[in-house]
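The values are calculated or read from the model by the stated rules, or taken from the named source; none is laboratory data. These numbers come from a predicted model, not from an experiment. Here Cβ is always computed from backbone atoms with ideal geometry, including for glycine, and neighbour counts include all displayed protein chains. Areas reflect the complete protein model, heavy atoms only, side chains present, ligands, DNA and RNA absent. Shrake-Rupley method; radii C 1.70, N 1.55, O 1.52, S 1.80 Å.
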Amino acid sequence: MSLMVNNFIFLKGKNLKKQFVVQDKDLWTENDEVKEVSVLSTRALQSKIYGISHELLQRELGYQTVAAVVNSHLNHFAITPRDMMVTIDVTIKEVFGNHLFFSVEIYDEVEKIGSGSFERVLVSSEYLKRKVNEKKKFMVNIGKSV
């Protein structure tokens, strides 16, 4: 895949809204106190948000997309218990070259529980592989196995 800079402006305003039910794998588990209350973790929420944005890009671009998250800000300000439905609404707010700027709004069945923004950069798989190989070569040059 060869990416052309400035070909992505058509993505501005594209949106994907998804829902999920909070399950055990989504719970906050840092210690026994929080395990006991069984509420949605910010870590799981962030993972769901990135997954939705990836799905949005695959839908709109029509191919396997490589889009690295390079900046992220999430306000998760209300608790959501296990078995409650959560709605995540992800929108591409701005596009500059291959940089995509997203906004996100998150609700449970009762109230707004979060909002935020993040940036993804579209890169080719060739670029990604080249950068990984450069790091591996560096590791070999300093005597570390890869």
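When the stretch 105-125 is limited to residues that are of a type in the set (Asp, Glu) and more than 23 Å from Leu56 (Cβ to Cβ), the one that is least open to solvent (accessible area, probe 1.4 Å) turns out to be Glu111. Checked against (1) closer than 17 Å to Asn15 by Cα; (2) assigned to a helix (DSSP H, G or I), Phe101 passes all but condition (2). Condition test on Thr65, is it under 17 Å from the mean Cα position of the chain (by Cα) and assigned to a loop (DSSP other than H, G, I, E, B)? Here the answer is yes, as Thr65 does meet what is asked.
Applying the condition of being touching a residue at least 24 places away in the same chain (Cβ under 8 Å) and not polar (S, T, N, Q) to the stretch 15-25 and asking which residue is farthest from Val95 (Cα to Cα) yields Asp24.
The residue of the stretch 39-66 that is nearest to His76 (Cα to Cα), among those that are among the small types (Gly, Ala, Ser) and surrounded by fewer than 17 Cβ atoms within 10 Å (Cβ to Cβ), is Ser47. Note on the stretch 107-125: residues that are at pLDDT 95 or above, among the hydrophobic types (A, V, I, L, M, F, W, C) and either touching a Cys at 6+ places or on another chain (Cβ under 7 Å) or outside any strand (DSSP E or B) (or both) amount to 1.
For the stretch 24-38, filtering for residues that are open to solvent by less than 50 Å² (accessible area, probe 1.4 Å), out of contact with any strand residue (DSSP E or B) (no Cβ under 6 Å at 6 or more places or on another chain) and assigned to a helix (DSSP H, G or I) leaves 1.
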